[in-house]
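Peer 1: Dumping the structure here so I can ask a few things about it.
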Amino acid sequence: MRAAIAAGVLLLLVGPTHADDDYGGGSVIFVRGSALYRTDPRGRGETEVAQLPAQVAVRALRTDARGKVLLADLGGRWSWMKLDGSTTTLTELPCADGPAQLAVDGACVLCRSTTSATGSVIVNLATARTTPIEIPAPGARLVGEGANRRLIWADASGVWSSPPGDAKKKQQVAPEPPLRSFLPSPDGSRAVGVFLDKVYQGKQTKPAELLMSFALDGQAVRRKAIKSGVPIEWSYDNRWVLVQDGSSSCTMSATGGEYKCFKGYTGASIAPDGQWSLALGNRNAKADADKTSKKSSKKGSKKESTKNKDAKKEDAEPTGEAETREGDDGAPTDDVAVPPPTGPLALYRLKLAGAFNESPALIVKVVDGAAVWVPAP
């Protein structure tokens, strides 16, 4: 009965369910060996996109809201290429090792400066022109596009918004900056971050650091989210956030606190509408995942959920089991970047809507690094 009620809540949350073949015309780019490949979200029609330098680790792949540009972290050096078929090579950017954000329209990149220890730089991809900005790179983001483009960042004194090329004309959009994991939405209306708050132990409270979401409206009323989550990426409709919670890949509502998690997977990318996500999992665990899913259907998901609470190894095998929960309290794990896991990896497609025990779908059997969901042009 509880499972049925929770499933109903999720369906109300996400709206009408998508047919299995409705992916919005998107595609998937992933790493295998020393090349990037493109396929559809079912894993069909695989084609090579670009060759990579030998023995380079691809730590992250990103794209814009229209799927025009690909941004890649190649062993700590950021590079980019157009996705219109006009090139098959990546061009290195003047960015230092660290975070980088691609503008919504793919026109420019915000990244860490190579000449300033604390500053950032905006790189215009069409002209290669660089604009130095004296703001911290972690969490900074270019939001909006064209004349409405703005720069969002956080420092010790608050969260700020300014024109892209002039951080001195800043306006405060939140009075208190998060401790870490600051990540604004693509339109700049909301953000997530880790704040110092409190949790309950019986009738007592204790301080704890919690992931929260908040509006960038000057008031910044906060809502508790996944207690130990590390935010990875927003959906381009500004409604969902891909979050890594220990060994689980989760899709979290930005405003409601509800989320759905899959144990044993590492989140890689999220679809523009948040209805699908990509995750890396153990290459040899698909058969075990299917068996677990069937067992969960027969004996109930509650027992399997309890069984998997003690699975703390980073290389835990995917269980195929999902949970729909509401935000809760508790102390988080250490906040670190979420790199691709090690070992023999496969790429899976995770579905937001649907039954709790629906097994993630295997897209690509052999992958060797990051992956990204590419929106339709």
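Peer 1: What number of residues within the stretch 104-124 satisfy the criterion of being outside any loop (DSSP other than H, G, I, E, B) and either under 29 Å from residue 35 (Cα atoms) or of a type in the set (Asp, Glu) (or both)? Outline the logic, then answer.
Peer 2: At the first step, the residues of the stretch 104-124 found to be outside any loop (DSSP other than H, G, I, E, B) are 108-112, 120-124.
Adding the requirement that they be either under 29 Å from residue 35 (Cα atoms) or of a type in the set (Asp, Glu) (or both) leaves 108-112, 121-124.
Looking only at that region, the number is 9.
Peer 1: Only one of 186, 178, 164 is of a type outside the set (A, V, I, L, M), within 17 Å of the chain's Cα centre (by Cα) and crowded, with 17+ Cβ neighbours inside 10 Å; which?
Peer 2: Numbers: 178 fails: within 17 Å of the chain's Cα centre (by Cα); 164 fails: within 17 Å of the chain's Cα centre (by Cα).
After ruling out the rest, the residue left standing is 186.
Peer 1: With the requirement that a residue be more than 20 Å from the chain's Cα centre (by Cα) and loosely packed, with under 14 Cβ neighbours inside 10 Å, what does the stretch 47-76 give you?
Peer 2: As a first pass, look at the stretch 47-76 and keep what is more than 20 Å from the chain's Cα centre (by Cα): 47-56.
Answer for the stretch 47-76, where residues must be more than 20 Å from the chain's Cα centre (by Cα) and loosely packed, with under 14 Cβ neighbours inside 10 Å: 47, 48, 51, 53, 54, 55.
Peer 1: Residue 260 fails exactly one of the following numbered conditions: (1) in a strand (DSSP E or B); (2) over 13 Å from the mean Cα position of the chain (by Cα); (3) surrounded by fewer than 24 Cβ atoms within 10 Å (Cβ to Cβ). What is the number of that condition?
Peer 2: Failed condition: (3).
Peer 1: Now a separate question. Can you tell me which residue among 131, 127, 205 is in a loop (DSSP other than H, G, I, E, B) and surrounded by fewer than 21 Cβ atoms within 10 Å (Cβ to Cβ)?
Peer 2: 127 is the lone residue from the list that is in a loop (DSSP other than H, G, I, E, B) and surrounded by fewer than 21 Cβ atoms within 10 Å (Cβ to Cβ).
Peer 1: Which ranges mark the strands (runs of 3 or more DSSP E) fully within the stretch 12-103 that have 1 or more residues being modelled with pLDDT of 95 or more and more than 18 Å from residue 278 (Cα to Cα)? Write out each step before concluding.
Peer 2: Working: elements: 27-32, 35-39, 47-51, 58-63, 69-74, 77-82, 100-102.
Where strands (runs of 3 or more DSSP E) fall fully within the stretch 12-103 and carry at least 1 residues being modelled with pLDDT of 95 or more and more than 18 Å from residue 278 (Cα to Cα), they are 35-39, 47-51, 69-74, 77-82, 100-102.
Peer 1: Go through (1) assigned to a strand (DSSP E or B); (2) modelled with pLDDT under 95; (3) not charged (D, E, K, R) for residue 173 and report which single condition fails.
Peer 2: (2)
The values are calculated or read from the model by the stated rules, or taken from the named source; none is laboratory data. The model shown is predicted, which means the values in this text are computed figures rather than measured ones. Using ideal geometry, Cβ is built from the backbone for each residue, glycine included, and neighbour counts are taken over all protein chains shown.
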